[in-house]
Amino acid sequence: MKKVVFVINSLTGGGAERIMTRLLGNSTAEAQGAELHLILLDVEPAAYPVPPSIIVHQLDTKGSLIGGLVPLWRKINELAPDICVSFLTRSNLLSILICRLKGIRCVISERVNTTSHHPHNAAGYMARFLTYVGYRHAKRVIAVSSGIAKDLSENYAVPMANISAIPNPIDGDMIRRNGDVPADLPYARPLIVGMGRLVPNKNFAMLIEAFGLFGASGTLLIMGEGPLLADLQRQANELGLAKQVIFAGFRENPFSVIKSADCYVLPSNGEGFPNGLVEAMCLGTPVISTNCHSGPSEILDDRPYFPVESATECKYGLLVPTNDAASLAEAMKLALQPDQQRDRRTLALEGARRYALDATIKQYWQAIRG
């Protein structure tokens, strides 16, 4: 293994992008002296720094699957890597096709539950079809949760023997260091925090609705950017919550905010391995999550997906049904009971200890090398 190329759409402020740079930044020992390259398909502002030892190649595919084929082909042909590793659906599909034609070992990482993540429209159906056609041809598929592995095997004909279920690498030391930075939060308590892209699947509209039902005089602070910002602001205004719901945008250091919060909430309809949930646990912040088909039940209860019908106590936090504002409001009341805060913080820390950085990086490279 002399040269390894990593491929991702861009390094905008998302979980997959953060994990890509975290993997690259902690691979010196496991890469065994191989030359590491990173190909970015789109020209987008980078939210995360790339280690100086990584050689970066910038393409400009403008978010197009078809438009990315020739530029990526040329770049991979020029670099002639031994292994290609990609994150995210568009990068994965392009890498599989090119590597199959050129005889290069292709390793892809699936970050989401394909069946529940993609919308029920033409674009979503096409994404599922291409996943079905393409993913079975990758030499190795790294699924970030057992729920994703099960979905790929049962619904997309990916051989289970070709799938490795490996959680995201979580840098607990870095998270705690950044969490110790003082946060200027002049807001009424209790302070409930959510974080993620402001897009339909993350379902911050349901979180705002639940906060209204919760009825406290506290603050809901949402960190993230996205196309639904104006809609969510309008919703908060219509519910009379304009002064209580704070849209904080993207923050380079969200951890000081999360550590200072009374509760962290993940309201998504679908996830793969929700980084923010584990990061909040690393900081000892009580956590609530919707019960997506992949990720949350494994993180909060050491179990594959199981159905819940209301706010449900788990080993390390609370699960609620997806798209159920009333159950989420009830979970907020449970999580924020003053006499339970210390115990909930202790349980969150205990759950986070299962995601050690070095062990996870080693698992990634075992899958990459084959």
Among ARG354, ARG369, ARG342, which is the only one that is open to solvent by 60 Å² or more (accessible area, probe 1.4 Å), within 21 Å of VAL193 (Cβ to Cβ) and not polar (S, T, N, Q)?
-> ARG342
Per-region count, region 209-228, residues in a loop (DSSP other than H, G, I, E, B) and surrounded by fewer than 21 Cβ atoms within 10 Å (Cβ to Cβ) | 8
Flagged in region 357-366 as surrounded by fewer than 20 Cβ atoms within 10 Å (Cβ to Cβ) and aliphatic (A, V, I, L, M), in numbering order, are LEU357, ALA359
Checking GLU271 against (1) open to solvent by less than 40 Å² (accessible area, probe 1.4 Å); (2) of a type in the set (D, E, K, R); (3) part of a helix (DSSP H, G or I), the condition it does not meet = (3)
Give LEU72, LEU11 a once-over and let me know the one that is out of contact with any His (no Cβ under 9 Å at 6 or more places or on another chain), at pLDDT 95 or above, open to solvent by less than 10 Å² (accessible area, probe 1.4 Å) and outside any loop (DSSP other than H, G, I, E, B).
-> LEU72
If you scan region 14-39, which residues turn out to be charged (D, E, K, R) and either modelled with pLDDT of 95 or more or part of a loop (DSSP other than H, G, I, E, B) (or both)?
-> GLU30, GLU35
Output for Cβ contacts, cut-off 9 Å, separation at least six or different chains, first residue more than 18 Å from PRO296 (Cβ to Cβ) in region 317-344, second among the basic types (Lys, Arg) and in a helix (DSSP H, G or I), reads GLN337/ARG344
Out of the residues in region 274-293 that are in contact (Cβ under 8 Å) with a residue 40 or more places away in the chain and more than 18 Å from GLY172 (Cβ to Cβ), state the one that is surrounded by the fewest Cβ atoms within 10 Å (Cβ to Cβ).
-> HIS293
Cross-chain or 6+ apart pairs with Cβ under 6 Å, region 35-53 first and closer than 15 Å to THR12 by Cβ, then assigned to a strand (DSSP E or B) and open to solvent by 80 Å² or more (accessible area, probe 1.4 Å) | LEU40/GLN58
Scanning region 44-69 residue by residue, the ones that are open to solvent by 40 Å² or more (accessible area, probe 1.4 Å) and in a strand (DSSP E or B) total 3
Give the number of residues within region 193-245 that are modelled with pLDDT of 95 or more, polar (S, T, N, Q) and in contact with a helix residue (DSSP H, G or I) (Cβ under 7 Å, 6 or more places away or on another chain).
-> 1
Residues satisfying the stated conditions in region 86-109, i.e. crowded, with 23+ Cβ neighbours inside 10 Å, of a type outside the set (A, V, I, L, M, F, W, C) and within 11 Å of ALA138 (Cα to Cα) | SER86, ASN92, SER95, SER109
Quickly run through region 114-143 and pick out the residues that are of a type outside the set (D, E, K, R), assigned to a loop (DSSP other than H, G, I, E, B) and open to solvent by 10 Å² or more (accessible area, probe 1.4 Å).
-> HIS118, PRO119, HIS120, ASN121
Give the residues of region 75-85 that are touching a helix residue (DSSP H, G or I) at 6+ places or on another chain (Cβ under 8 Å) and either open to solvent by less than 10 Å² (accessible area, probe 1.4 Å) or under 13 Å from VAL7 (Cα atoms) (or both), sorted by residue number.
-> ILE76, ILE83, CYS84, VAL85
Taking region 294-318 and the residues there that are of a type in the set (Ser, Thr, Tyr) and out of contact with any Lys or Arg (no Cβ under 6 Å at 6 or more places or on another chain), the one that is surrounded by the most Cβ atoms within 10 Å (Cβ to Cβ) would be SER294
Select from region 229-260 the residues that are crowded, with 20+ Cβ neighbours inside 10 Å and either aliphatic (A, V, I, L, M) or at positive phi (or both) and list them in ascending order.
-> ALA236, VAL245, VAL257, ILE258
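The values are calculated or read from the model by the stated rules, or taken from the named source; none is laboratory data. Here the structure is a predicted model, which means the values were calculated and not measured. Neighbour counts run over all protein chains shown; Cβ positions are idealised from the backbone, glycine included. Side chains included, ligands, DNA and RNA excluded: accessible areas come from the protein's heavy atoms. Shrake-Rupley method; radii C 1.70, N 1.55, O 1.52, S 1.80 Å.
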